[in-house]
Amino acid sequence: MDRQDRPLRMLLTDLGDAVDGDGPVATEEMHRHALDYLTDLTEAVERARRSRAVRYADDPPGLPVPPVAVDEAVYPGGRPTEPGLFTLRDDHDAPFTYEGRDYPTVSHAYWALSAADPADHDRIRAAATADRARELAGAAARRADWSGVRLAVMAGLLRAKFDRHPRLADVLLATGDAPILHIGTSEAPFWRDGGTRGGRNWSGRLLELVRSELRCARSGQTPAARTAETALRAATRTGSQTGENGGA
């Protein structure tokens, strides 16, 4: 590209003929220079490949795995009896306990815990649906530290959900190593994949984190899971902005 394929065109031109029909006459020296250039280029590509292999030594081999989309869906006749990707969404009915209190969905818990007033927390937690919980929370005052801790809180809620419901954990583990894209319009761009519109997909990324921890736990590698959990709990205690800046 940097030489507009001219070395290749030189090599394809027979000795004594003009390159491109009206260019310089091809000579043995011209062919040798073209071959030297292409050899150097090939060696540079191989050096770059070896450098990437060292720098990203823990990347999985092979081609990237296609992403899994966890999309919003409406089931007029009721949701399927067999758990599917819809069970990974925060509004799926999957009661669990978090810090001694029961919540019907992750959405209920997230929005209830965002409220500054305990009375608002209880009202949001008791909402009939996840959508209603979101509406009530939107009209309530937010905790002063919420922007700094919400990512760690959400990670804890997802852990509690999948610990309580092994069948849903199986659904999450069945996504393998695929990137998870949380798609829809109900959540803010911070939580969902926005494509070219700039969504940060934190819901999908946290599902990948919890998936990794579940895999470690089921294979007996619990120290790694505990390390990740400890880091997120520390962020919750200190009000760290790590998650907001893309850490977690």
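The values are calculated or read from the model by the stated rules, or taken from the named source; none is laboratory data. In this text the structure is predicted, and so the values were computed from the model without any measurement. Note that we place each Cβ from the backbone using ideal geometry, even for glycine, and neighbour counts take in every protein chain shown. The area values use the complete protein model at the heavy-atom level, side chains included, leaving out ligands, DNA and RNA. Shrake-Rupley method; radii C 1.70, N 1.55, O 1.52, S 1.80 Å.
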Per residue, how big is the convex hull of the range 1-81 when only Cα atoms are used? Give it in Å³. 226 Å³
What net charge do the residues around LEU172 carry, taking every other residue with its C-beta under 14 Å from that of LEU172, with Lys and Arg at +1 and Asp and Glu at -1? +3
If every Lys and Arg gets +1 and every Asp and Glu gets -1 at its Cβ, then about the Cα centre the range 21-166 yields a dipole, in debye to the nearest 20, of 720 debye
Among the trypsin sites (Lys or Arg not before Pro) within the range 1-59, which fall in a DSSP loop and have no more than 12 other Cβ atoms within 10 Å of their own Cβ? ARG3
Over all Cα pairs of the range 95-193, how is the pair count split among 10 Å bins, expressed in % and running from 0 up to the last occupied bin? 15, 44, 33, 7, 0
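Just reorder ASP163, ASP117 by solvent-accessible area, largest first, 1.4 Å probe, all chains present.
ASP163, ASP117
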Could you tell me what percent of the DSSP beta bridges with both partners in the chain are antiparallel, to the nearest 5? 60 percent
Could you state the angle between the C-alpha long axis of helix 222-238 and the longest principal axis of the C-alpha atoms of the chain, as a value from 0 to 90 degrees rounded to the nearest 10? 70 degrees
Of all chymotrypsin sites (Phe, Trp or Tyr not before Pro) in the range 47-104, the ones in DSSP coil with at most 14 other Cβ atoms within 10 Å are TYR56
Counting only the heavy atoms of the protein chains, how much of ASP193 is accessible to a 1.4 Å probe, in Å² to the nearest 10? 50 Å²
In debye, nearest 20: dipole of the chain around its Cα centre with unit charges on the Cβ of K, R (+) and D, E (-)? 1380 debye
Mind sorting out which of [x] -0.42, -0.74; [y] -0.51, -0.80; [z] -0.61, -0.85 is the real log10 I(q)/I(0) by the Debye sum over Cα atoms at q = 0.10, 0.13 Å⁻¹ computed from the coordinates? [z]
Using a basic spin-label model with each label point 7 Å from the Cα along Cα→Cβ, how many nm lie between ARG50 and HIS33? 2.9 nm
Tell me, what is the per residue accessible area of the chain in Å², probe radius 1.4 Å? 59 Å²
Using +1 at the Cβ of each Lys and Arg and -1 at the Cβ of each Asp and Glu in the chain, identify which of PRO60, THR129, ALA188 lies farthest towards the dipole's positive end. THR129
Under-5 Å amide H pairs with ILE180, H placed in peptide plane, nonlocal only: VAL68
About its Cα centre, the range 1-78 carries a charge dipole, from +1 on Lys and Arg Cβ atoms and -1 on Asp and Glu Cβ atoms, whose size in debye to the nearest 20 is 360 debye
Using alpha-carbon positions, what is the distance between the centroids of the range 5-41 and the range 102-138, in Å? 72 Å
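Are there GluC sites (Glu not before Pro) in the range 35-111 that DSSP puts in a loop and that have at most 15 other Cβ atoms within 10 Å, and which ones?
GLU72, GLU99
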Ignoring any ligand, DNA or RNA, what whole percent of the accessible area of the chain comes from carbon and sulfur when the probe is 1.4 angstrom? 54 percent
Measure of exposure for SER219: accessible area at 1.4 Å probe, Å² rounded to 10, is 70 Å²
Listed residues MET30, MET154 arranged by accessible area, highest first, probe 1.4 Å: MET30, MET154
